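The values are calculated or read from the model by the stated rules, or taken from the named source; none is laboratory data. This is a predicted model, so every value here is computed, not measured. For neighbour counting, all protein chains shown are included, and Cβ atoms are generated from backbone atoms with ideal geometry for every residue, glycine included.
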Amino acid sequence: MSRWEPDARGRLQQAAIELYTERGFEQTTVAEIAERAGLTERTFFRHFADKREVLFDRSNALLELFVESTANAPADASPIEAVTAALLSAADMFESRRPWSTERQKVIVANPSLQERELIKMAGLGIAVAATLRSRGVAEPHASLAAEAGIAVFRVTFERWVADDNILPFAEIVTDSMAALKVVVVDAAATTRQNA
């Protein structure tokens, strides 16, 4: 093996997603990923703690982006507008990686332990965004409700965006999903008033 390893991380990620798709996550070993990438297992472990982390590599970057975008939303933005700004800020991060994201989602959906890890990631995003909203002066329960609604919109948006038949950009789906959430909330409020 060559000592110079151009884009070793990217090669490992590509090899992993190919193997997870071909064989399944559980059936794929780190040794096979490294071999497919033309690298060593030692190189794999310099980049990733385990084979699962290949799929969750950008989680911290996404969390930081959400927190920063929520914090930097205009001072007069409502809690849900601040959260929407965070979701829209992720569009650039995702748009260039749609093929990877699509394959990643298929691998996660096929594996319960990966689904659990994805739910933990989503919970962490919600907690961080709620804390950021509180630091902007948003009281509870408004901060937590806005954050959780935003994470639900993010999850729905992401699933729509990676669907095989989707042709819409991520940002457009965020906007559409937020509009749908507002309709649901208004309908629920109207129903509550009618039943009161």
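Worth pointing out:
- Residue in segment 69-78 that is touching a residue at least 40 places away in the same chain (Cβ under 8 Å), under 12 Å from the mean Cα position of the chain (by Cα), in the same structural domain as Ala180 (by TED's automatic domain parsing) and assigned to a helix (DSSP H, G or I) present: no
- Each residue in segment 19-36 was checked for being surrounded by fewer than 21 Cβ atoms within 10 Å (Cβ to Cβ) and under 20 Å from the mean Cα position of the chain (by Cα), and 2 pass.
- Out of Leu114, Leu133, Leu181, one residue alone is closer than 30 Å to Leu19 by Cα and either of a type in the set (Gly, Ala, Ser) or out of contact with any Gly (no Cβ under 6 Å at 6 or more places or on another chain) (or both). It is Leu114.
- Looking across segment 155-179, the residues that are within 13 Å of the chain's Cα centre (by Cα) and either without any contact (Cβ under 8 Å) to a residue 40 or more places away in the chain or closer than 15 Å to Pro79 by Cβ (or both) come down to Arg155, Val156, Arg160.
- The single residue among Leu12, Leu88, Leu39 that is under 26 Å from Pro169 (Cα atoms) and surrounded by 12 or more Cβ atoms within 10 Å (Cβ to Cβ) turns out to be Leu88.
- In segment 41-68, the residue that is nearest to Met93 (Cα to Cα) out of those that are in a helix (DSSP H, G or I) and touching a residue at least 60 places away in the same chain (Cβ under 8 Å) is Leu62.
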